[in-house]
Each structure stands twice: as structure tokens, then as C-alpha cells.
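The structure appears below as C-alpha cells.
The values are calculated or read from the model by the stated rules, or taken from the named source; none is laboratory data. These numbers come from a predicted model, not from an experiment. In this analysis, Cβ positions are derived from the backbone assuming ideal geometry, glycine residues included, and neighbour counts consider all displayed protein chains. Please note that ligands, DNA and RNA were not included when accessible areas were found on the heavy atoms of the full protein model with its side chains. Shrake-Rupley method; radii C 1.70, N 1.55, O 1.52, S 1.80 Å.
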Amino acid sequence: MQKPVLTLKSNTEVAEASEANLSHALHCSLAVLPQKFTQDELFTTICSLSYLGDMRMSMFGLGEDPNKVKNIVNNNRDRFQALYRHTIQSCGVLQANCDLTSFEVFLRFRSKVIVS
């Protein structure tokens, strides 16, 4: 549920799970995006998470449309914006321009190895 979907019935549990999923999808995408990226790059990366293990996407013309992810993003940009606006604004690691069309990660996840 990291891309816009129609929810037929919702309750508190579904809403909380959906909010957590949006946050996880955003953070997973940030791990593979460069430090500066556009809104389209972000939403395309998020949307592509649904298809990473889908064999139909890698069958070179025998399966799904290779432009499927781009088509989903292009045809649902407003819905992606509405879906992710709060998550983007509250994630604490992104600096965005005023209309949320380009971003920069200002805190990268770093780890240190300490050898003693």
C-alpha cells in the first residue's frame, strides 16, 4: 500500500498500518536515491518497490509494460503528493523546496565500525 490505492473499509488498525507502511516505503527509497532528487524520482522509486520481485517486470517484453511504474506515477502524481505530504514533512531527514517538487537529504544514515 505504498502507492495510491482505494481503501474499501478502514479502521484505526488499517490506518496505523498504512501510515507505518508509507514511512517505511519513504525511508527505503531514501536509502537508494542520491542526496538530491526530484519528486518524480522519489515517487517512481517508491512505486517500484511493489515490482522489485515481480518476474513479469523482468521478462523483457513478455510480461508487464516496462513503463508501468512511470505510468502509475504520471497518472497519479496528485494522489502520491496527497498520500506522502505528511510523511515527507515529518520524516526529519528531507529538506524540500516550497512546493515539494525537489528534495535534498540533509542527514544520511551513517554507521561506524569501532575496532578495539
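A search for C-beta distances below 8 Å between a residue of region 63-86 that is in contact (Cβ under 8 Å) with a residue 40 or more places away in the chain and any residue that is of a type in the set (A, V, I, L, M, F, W, C) and outside any helix (DSSP H, G or I), counting only pairs 6+ apart in sequence or on different chains, returns GLN81/LEU100. For region 14-31, indicate whether the set of residues that are modelled with pLDDT of 85 or more, open to solvent by 40 Å² or more (accessible area, probe 1.4 Å), part of a loop (DSSP other than H, G, I, E, B) and farther than 12 Å from PHE80 by Cα is non-empty. No, region 14-31 contains no residue that is modelled with pLDDT of 85 or more, open to solvent by 40 Å² or more (accessible area, probe 1.4 Å), part of a loop (DSSP other than H, G, I, E, B) and farther than 12 Å from PHE80 by Cα. Go through region 32-66 and count every residue that is more than 20 Å from GLN89 (Cβ to Cβ), out of contact with any helix residue (DSSP H, G or I) (no Cβ under 9 Å at 6 or more places or on another chain) and at pLDDT 70 or above. Summing the residues that are more than 20 Å from GLN89 (Cβ to Cβ), out of contact with any helix residue (DSSP H, G or I) (no Cβ under 9 Å at 6 or more places or on another chain) and at pLDDT 70 or above in region 32-66 gives 1.
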